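In what follows, a single structure is set out as structure tokens and then discussed.
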Amino acid sequence: MEKILLIGGGGHCESVIDSILESSSFDIIGILDTPEKVGETIGGIPIVGVDEDLQGWRDKGVQNAFITLGSIGNTQLRQKLFQKAKDLGFFFPVVKDKTAIVSNKININEGTFIGKGAIVNASVKIGKLAIINSGAIVEHGSTIGDYCHLAPGATLSGNVSIGKSTHIGTNTTIIQGVKIGEDTIIGAGSVVIRNIGSFKKAYGNPCKEATNE
Ligand code: JB3
């Protein structure tokens with residue numbers, strides 16, 4: 001079994017570990033986190049070092065890595081850690097929980113996580129390093145940009161488009177054909193019935209862009 005190194009050892013990491021172990025897809029050799037967390041164990045896997053150790057693990061022949069640090073709105077650290085490992089030659093697989101229902105007719109890119117009970121239907125495109133979290137539904141023909149996080153229970157009806165680094169809050173519903181820009185945060189429980197621009201915060205039912213932030 002191929003070895004994999006995880007980067008970021010918090011709650012999101014525990015979810016990803018569970019999905020990898022249950023599908024026996026990789027041999028997880030350890031987690032990299034901050035110095036004060038070295039020696040702790042997450043989901044049965046030890047935190048073995050810090051980001052500066054990436055080169056050493058690569059030199060030891062570890063080829064795969066996964067960013068297990070999550071994001072709620074700000075994806076900069078995920079992007080930075082991804083680029084650092086990528087530059088060292090690490091390969092980023094897709095991790096899909098065995099309970100997710102995912103069409104074979106989708107296009108999905110490196111480093112993306114699909115969590116428990118998520119549903120992804122035909123002709124969907126998902127960029128790199130996205131998080132399609134537990135129970136999210138992505139309907140036919142939708143496009144999800146790089147680094148997006150669809151939080152648990154988010155529902156995207158058909159042909160929805162989400163720009164890169166955008167966060168769709170827990171249990172948000174987006175009707176068919178809506179376009180949401182990049183680096184935008186949609187608050188939990190929103191009902192999105194019109195397009196929302198880039199670099200916005202928006203929330204509510206119907207979802208509206210915040211004007212005073
Ligand atoms: O919404 C859901 C279901 N999950 C959220 C997930 C997607 O994002 C979750 O609720 C969290 O809000 C967030 O999860 P995450 O990133 O696991 O958060 P937290 O539990 O706070 O863990 C972050 C971990 O990253 C901690 O162990 C930090 O020490 C570690 N960390 C911080 N900076 C770092 C760095 N690790 C590395 N390797 N490098 C860093 O620079």
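The values are calculated or read from the model by the stated rules, or taken from the named source; none is laboratory data. Keep in mind the model is a prediction, meaning the values are calculated, not measured. In this analysis, Cβ positions are derived from the backbone assuming ideal geometry, glycine residues included, and neighbour counts consider all displayed protein chains. We work out accessible area using only protein heavy atoms, side chains counted, and drop any ligands, DNA or RNA first. Shrake-Rupley method; radii C 1.70, N 1.55, O 1.52, S 1.80 Å.
Some points to look at:
- Linear extension gain, residue 74 paired with residue 99, 0.36 nm per residue minus alpha-carbon span: 6.2 nm
- For segment 97-204, the alpha carbon convex hull comes to 63 Å³ per residue, rounded to a whole number.
- Anisotropy class of segment 63-103 from Cα gyration tensor, a/c 1.5 cut: oblate
- Surface composition of segment 3-87: carbon and sulfur atoms hold 48% of the protein heavy-atom accessible area at a 1.4 Å probe.
- Listed values for segment 63-73 are Karplus-derived 3J(HN,Hα) couplings in whole Hz (6.51 cos²θ - 1.76 cosθ + 1.60, θ = phi - 60°), namely 9, 10, 9, 8, 7, 9, 7, x, 7, 10, x, and x replaces Gly and Pro.
- Cβ-based charge dipole, segment 35-98, positive-most Cα from 91, 57, 41: 91
- Debye log10 I(q)/I(0) for segment 94-134, one point scatterer per Cα, at q = 0.18, 0.21 Å⁻¹: -0.39, -0.55
- Farthest toward positive dipole pole in segment 92-175 [+1 Lys/Arg, -1 Asp/Glu at C-beta], among 157, 138, 101: 101
- Proximal aspartates and glutamates relative to residue 179, as straight alpha-carbon distance under 19 Å, when same-chain residues fewer than 8 apart are discounted: 139, 146, 209
- Loop-located trypsin sites (Lys or Arg not before Pro) in segment 117-213, at most 15 other Cβ atoms within 10 Å (DSSP): 194
- To the nearest ten degrees, helix 76-87 and the longest principal axis of the Cα atoms of the chain are 50 degrees apart.
- Qualifying trypsin sites (Lys or Arg not before Pro) for segment 18-123 [loop in DSSP, other Cβ within 10 Å: at most 15]: 60, 98, 105
- Normalised by residue number, the volume inside the convex hull of the Cα atoms of the chain is 107 Å³ per residue.
- Tensor-based shape of segment 3-87 (alpha-carbon gyration tensor, a/c under 1.5 rounded, otherwise prolate or oblate): rounded
- Long-range amide H partners of residue 191 with built H, under 5 Å: 173, 204, 205, 207
- Of the chymotrypsin sites (Phe, Trp or Tyr not before Pro) in segment 68-132, not one is in a loop by DSSP (not H, G, I, E or B) with at most 13 other beta carbons within 10 Å.
- Size of electric dipole in the chain: Cβ of Lys, Arg +1 and of Asp, Glu -1, about Cα centre, debye, nearest 20: 760
- Antiparallel bridges, percent of DSSP beta bridges restricted to the chain (to nearest 5): 10
- Here the calculated FRET efficiency for residue 107 and residue 83, from their Cβ-Cβ distance with R0 = 22 Å, stands at 0.50, rounded to the nearest 0.05.
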